[in-house]
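Asker: The structure's right below; bear with me while I get my questions together.
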Amino acid sequence: MSRRRNTLRITLASAAVAGVVLAPVSSAFASSHTPAAASAKPSAARTAKAHKDFPPVPSGKCVYKKSLSIGAGASADLYNTTGGPQVFLMTTDERGRPEVFGHLDRKHPSLPKDAGIIAKIVNAGSAQPKFVFQTQGGPGSHPETVPFRKLPKGCVAVHHVK
């Protein structure tokens, strides 16, 4: 097993245990559907530990954000921007702060197969991209699919891939 895959599995297992312990406060992390520019609270991805391998979090009037729990103590911030969809995958560090462990976009729409979880953007070059994920379950279980929010009125996506 690769070192990266092993690290991801340990991180997700630790996060799952933390999720069980913190279950009573899970309602505080319900999914939100707000434009990123209108959000008064900084996004988890924005406040997460900086990592040199990940781009900055999108912001501005032509960005829509959706946050959701993807199971196993992990969460995802979905951004639809004029440059295409992006996903920041996060867990929490030992102090409870968000920590980005993955980033998806048009150029890199999926985690590697050996990542230990399924996380990918389908139809990344279209006007209706979707986020597909599966963090738990065995044979026969099915991934979940979440559509990205449409861009705000007046914003046009550029560089659609056909």
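Asker: Considering each of LYS107, LYS130, LYS153, LYS120 in turn, give the residue that is over 16 Å from PHE88 (Cα atoms) and charged (D, E, K, R).
Answerer: LYS153
Asker: Next question. Being hydrophobic (A, V, I, L, M, F, W, C) and modelled with pLDDT under 95 is the filter; apply it to the stretch 91-108 and report the residue that is most open to solvent (accessible area, probe 1.4 Å).
Answerer: Checking each candidate, the answer is PHE101.
Asker: For the stretch 136-157, which positions are open to solvent by less than 30 Å² (accessible area, probe 1.4 Å) and of a type outside the set (A, V, I, L, M, F, W, C)?
Answerer: Residue satisfying the conditions is PRO152 alone.
Asker: If you check LYS113 against the conditions, is it surrounded by fewer than 21 Cβ atoms within 10 Å (Cβ to Cβ) and over 24 Å from PRO56 (Cβ atoms)?
Answerer: Judged against the criteria, LYS113 is a match.
Asker: Open to solvent by less than 40 Å² (accessible area, probe 1.4 Å) and within 11 Å of the chain's Cα centre (by Cα): is that true of LYS65 in this structure?
Answerer: Criteria met by LYS65.
Asker: Does any residue of the stretch 104-126 turn out to be touching a His at 6+ places or on another chain (Cβ under 6 Å) and in a strand (DSSP E or B)?
Answerer: no
The values are calculated or read from the model by the stated rules, or taken from the named source; none is laboratory data. A quick note: this is a predicted structure, and the numbers were derived from the prediction, not measured. Heads up, the Cβs are rebuilt from the backbone with ideal geometry, glycines too, and the neighbour counts pull from every protein chain shown. SASA here: full protein model, heavy atoms, side chains in, ligands and nucleic acids out. Shrake-Rupley method; radii C 1.70, N 1.55, O 1.52, S 1.80 Å.
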